[in-house]
Amino acid sequence: MCAEAKPPCLVAASANFSVRDRLSTNPFCDKERTTMRYLTAVLVGLGGMFLAVSHAAAQPPAGAGQPAVLRALDLDRNGVISAEELNKAADSLRKLDANGDGELAVVELLGARRRGPGAQPANTSGVNTLEKAPLPKDDFEQRVLGVLKDMDENQRAGNMNVPLNDGRFLRLLVEAIDAKNVVEIGTSNGFSGTWMALALKRTGGKLTTFEIDHGRAELARKNFARAGVSDIITLIEGDAHEEVTKLKGPIDLVFIDADKPGYPDYLTKLLPLVRPGGLIVGHNMNRPSPDPKYVEMITTNPDLETLFFHMNDAGIAVSLKKR
Ligand SMILES: C[S@@+](CC[C@H](N)C(=O)[O-])C[C@H]1O[C@@H](n2cnc3c(N)ncnc32)[C@H](O)[C@@H]1O
C-alpha cells in the first residue's frame, strides 16, 4: 500500500470530477500511482479546458454537455470516475481515437461542437450519450458483435477504422434498404465491412470490398472468418481505381472510405452502376476531408439527394440516387 499523501493535482482534479472520495478509499502501488498521476494531469487539463469552454461554475451533470473524454471515462454515467473506471481508462481513451492514428487530438478529447460550415460533431468517440451498446438479437449477432468489439478495442491502431457509431449506421442503412449488392472501397482490417456483413447476412446480400494494402487485407480475411461472414464477402486486393472498372451493377450501396483525393474518380466510375434508389456513402467528410470536388459532385447533381451526418468528427455523406 502507498504511504505517500495524495498529490495536490488529485485534489484539484476532484473539484471537477469527483474522483477524490473514491480514490481515498483505494490504495495504489507505485506503478498505479504513476498511471494515476498521468491520468490526473490529463483530467486536470481537460477539466480546465471544459470549464473555460462552458463557463460552468459547478460540477457538470453526467452525459450531455460534457467533453467526450469525460463521457468516455465515466462508463456508468454517474458523474464520478471511479477507481475501476480509472483502471479501464486506457481502453476508454483509445475509443476517442476517431481517426485511428494512435493519438488523441484536442478535438477528439473534447468533441466540441461548432455551428456553421465545417462544424465539428458533438463528440468524436462515436458513442453518444443517449445510445446504448449494440444488443445482440441472437447467437449470430452475438458472435459478430464480439468480433467487432475486439476489433474496436484492440485493432484500431494503424487501421483507420470508422468510429463505432458509423459502423452501426452502415449496418442500419444496408439492412434498411434491403441491400443485396454492396461495394466498399477501403477494407482495411474489415471493421466497417463486418458491420455491413452483419446486415447482408439478414438481407441475403453480398459485399465486394477493395484493399490495396496486403497486410490489412490479410487481417480483414481473418476477421471476416472469425465473424462467420467470409462466405458473403469478396475481398479484392489491388488499386480500387482500376479494379472497380471490372464491377457490374446494379449496386445497392457504395461505401467510399479510401484515398481521399480519389473520391471523385470512385464516384464517376461507380455512380452509373448504382441502382435508382441506391445509396452512395462517403466517409470522412470533415476530417481528413476528401477532394472538395467530391462534395461539389454530390451536392450539385440533381439526380442525387445528399445529406451529411456528423455523429463524430469524421462525418458521413449519404447520397440517394433518385428514382
Ligand atoms: C480509412 S481506411 C478504411 C477503413 C475501413 N473502411 C474500416 O472502417 O474498417 C482506408 C483504406 O483504404 C486503403 N486504400 C487506399 N487507397 C486505396 C486504393 N487506391 N485502392 C484500394 N484501397 C486503398 C488503405 O490501404 C486503407 O486500408
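Where a number appears in this text, it was derived from the coordinates with a stated rule and is not lab data. Because the structure is predicted, anything quoted here is derived from the model rather than measured. As a convention, Cβ positions derive from the backbone with ideal geometry for all residues, glycine included, and neighbour counts pool all protein chains shown.
The slack between ALA176 and ARG143, meaning 0.36 nm per residue of separation minus the straight C-alpha distance, is 9.7 nm. In summary, the lysines within cross-link reach of LYS206, defined as a Cα separation below 23 angstrom excluding same-chain residues under 8 places away, comprise LYS137, LYS149, LYS180, LYS222, LYS246, LYS248, LYS269, LYS321, LYS322. Modelled this way, with points 7 Å down the Cα-to-C-beta line, the labels at ASP91 and SER289 are 3.7 nm from one another. Rounded, prolate or oblate: which fits segment 242-285 when a ≥ b ≥ c are the square roots of the eigenvalues of the alpha-carbon gyration tensor, with rounded for a/c under 1.5 and prolate only if a/b beats b/c? Oblate is the answer for segment 242-285, as a/c is 1.5 or above yet b/c matches or exceeds a/b. Distances between placed amide hydrogens fall under 5 Å for PHE255 paired with VAL183, GLU184, ILE185, VAL281, all partners being 5 or more residues away or on another chain.
Distance between the C-alpha centres of segment 165-180 and segment 239-290: 16 Å, rounded to the whole angstrom.
Taking amide hydrogens as placed 1.01 Å from N in the peptide plane, the amide H of MET285 sits under 5 Å from those of GLY315, ILE316, ALA317, each at least 5 positions away in sequence or on another chain.
Sorted by packing (mean other beta-carbon atoms within 10 Å per residue), highest first, where do 274-286, 150-162 land?
Working: 274-286: 20.8, 150-162: 18.1.
Output ranking for 274-286, 150-162: 274-286, 150-162.
Taking amide H as placed 1.01 Å from N in the peptide plane, the amide H of ILE236 sits under 5 Å from that of THR209, PHE210, GLU211, each at least 5 places away or on another chain. Taking 0.36 nm per residue of sequence separation and removing the Cα-Cα distance, the ASP239/LEU273 pair yields an extension gain of 10.4 nm.
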